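Participant: Submitted below is the structure of interest, expressed as structure tokens.
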Amino acid sequence: MSQIYYYSLFERFWHWSQALLIIGMLITGFEIHGTYHLLGFEQAIDLHTIMAWILIGLWLLALFWHTTTGEWRQYVPSDPDSMLAMVRYYVIGIFLGAPHPFHRKRAEKHNPLQRMAYLMLTMVIAPIIWISGLLYLFYPYWPSVGMEGLPLGLVAVVHTLGAFAILCFIPIHLYLALTTGESPQEKLMEMIVGHEAKNG
Amino acid sequence: MCSLRGSIRPFLLLQFFSLLLLVANMEASEEIISSTADHTKFEALQRTFQSGPEVTKACLECHTEAARQIHKTTHWNWKFTHPDTGEELGKRTIVNNFCGAIETNYARCTSCHVGYGWKDNSFDFASEANVDCLVCHDTTGTYKKFPTGAGHPPYVDKPFPPKSKKIWKAPDLTHVAQKVGKTSRATCGACHFYGGGGDGVKHGDLDSSMTNPNKALDIHMGTDGLDFVCSTCHQKDGHDVSGSRYTTQAKDTHGIDVPGRDDNIRATCESCHDLKPHPVTVNNKLNDHVNKVACTTCHIPTYARGGKPTKTWWDWSTAGRMNNDGKHIKTKDAQGYVNYVTKKGSFEWGENLVPEYAWLSGNIRYKQLDEMIDPGNVVAINTFEGSYDDPKARIWPFKVMQGKQPYDKGNNTLVTTHLFGKDSDAYWKSFDWNRAIKAAMEAGNAPYSGNYGFIETTYHWPLAHMVAPKEEALGCDACHAKEGRLSKLTGFYMPGRDNYYWVDLIGWLAVLGTLGGISIHGLGRIFMKAKRR
């Protein structure tokens, strides 16, 4: 049986570097927020800023890759019925041992809810964090573009709420990725080597 | 060719050595002074002088305009008309919370006046001979004004305090006059380090440790470093020295001063360090902070760092106590600092103090003698404008002098007090506040109800000296923390210090809810799977 490569080398690189950066930014971000003391405020700011710029770079690469390869289609929302079927599966079917309502193909590697979740992540939560974060970073220059009326506290609130959303996303993502497959390693290996584990 | 060369060489060598000898000789015999005038060679100064004004007259023979220049300055007039508010400020009118005010106490207070003989209201401010050149231009360190001499040095050796064994030596005026030179930390410090009645009392960032500081105490003035004197930054034009507390420049947006720019005041940090003083690192936040935080806020982490304490509390209400024998009392605290004297009341002192911080836009207002005060509250001797929203304001560090001082209970105003003098109205003679206040207020044509009380006051002193080496500047967490140095400042959001309770509550509940939901979902699956088997 030939192997299907679901995740290209770039995608795997993107996924893991992004994962590391996001976890790093959560750790440093909540320190900047004053939740705990770990590295010290200045260290935390420095790392948070460095990681932000790297992540921005990574995203530009990813944007280029998705548009040129056409892989962006993987994130176009599915029809509502199939999404509803997925919801029904997670709420009822999964407990009863019902078959998975989605049949995976190379051109449709994410289930309808996954597509929606990643679309929301990249098109809603991420932009909220990017925009508020960049505003935060360039705070001293607000008056020079006529934005002195914007309260920093509001930007901070938006940025913090975005961070909480990411913090909620991670456990859900891990739970679904690691427990809904044949085995916990299945999806993990797929994201490391790129293809499904060979059926023995 | 060869023979010709041989004959020239010894001649050249000889010439070279004789030149060397000449140079060595010159250096040995004459020390080169940077001034173009050697005052010991001036005939006008080769005589004996009976008094300070006599010296001044000799100075003015050559420096014809010097006295008239001095006449225009705050150093001479002790008067400052605020350019914006029109208020008459300056030592002549301000009531402070140290020794009060100079009215009726002239001869004591004016021992720090750049003049001679200001002992009462009749002082002639137009007199050129009354300008004291030596107090600023002495280089010998022997010229010291007598504490109660109305600006004169002692002309014969005499004790101070009176009847004590400490002898105040009369300076050799001829020697001092012949050795005049540029101002120094010592000459400026003779007054500015001792303001408020003693070493380090007033400012907190200026005391005798700054006469010869090391660079750890002051990175600019350290004798083991840049060795700046006061006038390196407080430059003067025609004897008018720049840098005023009444119009403190909270933010200098001109940057480095070069000839041709419209700002010639070098008494700001920006005048030399510009508006982006820090090397750009990963985050440019240090330079970004320049717009809201004064340089001194981070670079003066603590004040009174030179081993001399500064006075932080002065309670006049306890003054006047005598011991059982009717003698004056003087007590010291555990560190050996005087904490009570009969003439002045109770004190507290501090070293290595953490400043208080406030927004300052520059305009400092002073409580005037005719202004009503609220006796129900602590009275601020000076207040100033500035807030987060004010683009001209920055966060500044302050020494806040606190204390209790007499006030007019009937009129609710501050009062002046007649402390010093040989007459029995003087508080330091009779220890009767009512008489002392009445005498001072009458002398200044100010109303007094005849009924006095004591009121607590504060006086903010912006800090600008004792700038620490950069390694000791405050780090981010000094302020960006829950209980940081700026915890009292309001009106703005500061990362690390501030958060919104509801945002954090909702956020953490969402995270907990997610984890709970996953757990229930997972457990449910395990349970159902087992059941299915």
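The values are calculated or read from the model by the stated rules, or taken from the named source; none is laboratory data. Not measured: the values here are computed from a predicted model. Note that we place each Cβ from the backbone using ideal geometry, even for glycine, and neighbour counts take in every protein chain shown.
Participant: Please pick out the residue among B:488, B:482, B:529 that is exposed (fewer than 10 other Cβ atoms within 10 Å of the Cβ) and either part of a loop (DSSP other than H, G, I, E, B) or within 9 Å of another protein chain (Cβ to nearest Cβ) (or both).
Facilitator: B:488
Participant: Okay, moving on. Condition test on residue B:182, is it surrounded by fewer than 19 Cβ atoms within 10 Å (Cβ to Cβ), in a loop (DSSP other than H, G, I, E, B), touching a residue at least 40 places away in the same chain (Cβ under 8 Å) and over 18 Å from the mean Cα position of the chain (by Cα)?
Facilitator: So residue B:182 fits the description; yes.
Participant: Within the group A:148, A:182, which residue is outside any helix (DSSP H, G or I) and at the interface with another protein chain (Cβ under 10 Å from one of its Cβ atoms)?
Facilitator: The match here is A:148.
Participant: Look through segment B:349-372, keep the residues that are of a type in the set (S, T, N, Q) and over 25 Å from residue B:290 (Cβ atoms), and return whichever of them is surrounded by the most Cβ atoms within 10 Å (Cβ to Cβ).
Facilitator: Top of the filtered list is B:368.
Participant: Are there any pairs, at least 6 apart or on different chains, whose C-beta atoms fall under 7 Å, with the first in segment A:173-200 and at pLDDT below 85 and the second part of a helix (DSSP H, G or I), and if so, which?
Facilitator: Partner pairs satisfying both residue conditions: A:181/A:187; A:184/A:178; A:196/A:190; A:197/A:186; A:197/A:189.
Participant: Related question: What single numbered condition from (1) over 15 Å from the mean Cα position of the chain (by Cα); (2) away from chain B (no Cβ under 14 Å) fails to hold for residue A:22?
Facilitator: With respect to (1) over 15 Å from the mean Cα position of the chain (by Cα); (2) away from chain B (no Cβ under 14 Å), residue A:22 is out only on (1).
Participant: Another one. Among the residues of segment B:279-335, write down those that are surrounded by 12 or more Cβ atoms within 10 Å (Cβ to Cβ), within 14 Å of another protein chain (Cβ to nearest Cβ) and assigned to a loop (DSSP other than H, G, I, E, B).
Facilitator: Within segment B:279-335, B:281, B:282, B:283, B:284, B:292 meet the criteria.
Participant: Residue A:35: within 14 Å of chain B (Cβ to nearest Cβ) and either at positive phi or β-branched (Val, Ile, Thr) (or both), yes or no?
Facilitator: It is true that residue A:35 is within 14 Å of chain B (Cβ to nearest Cβ) and either at positive phi or β-branched (Val, Ile, Thr) (or both).
Participant: For segment B:358-377, indicate whether the set of residues that are modelled with pLDDT under 95, among the acidic types (Asp, Glu) and in contact with a strand residue (DSSP E or B) (Cβ under 9 Å, 6 or more places away or on another chain) is non-empty.
Facilitator: yes
Participant: Oh, and also: Scan A:144, A:132, A:183 and give me the residue that is over 30 Å from residue B:529 (Cα atoms) and loosely packed, with under 13 Cβ neighbours inside 10 Å.
Facilitator: Selected residue: A:144, the only one of A:144, A:132, A:183 that is over 30 Å from residue B:529 (Cα atoms) and loosely packed, with under 13 Cβ neighbours inside 10 Å.
Participant: Still on this structure, please answer the following. Determine whether residue B:164 is at pLDDT below 95 and of a type in the set (Gly, Ala, Ser).
Facilitator: In short, yes.
Participant: In this structure, is residue B:272 at pLDDT below 95, of a type outside the set (S, T, N, Q) and either closer than 26 Å to residue B:214 by Cβ or not in a loop (DSSP other than H, G, I, E, B) (or both)?
Facilitator: Considered against the rule, which asks whether it is at pLDDT below 95, of a type outside the set (S, T, N, Q) and either closer than 26 Å to residue B:214 by Cβ or not in a loop (DSSP other than H, G, I, E, B) (or both), residue B:272 comes out as yes.
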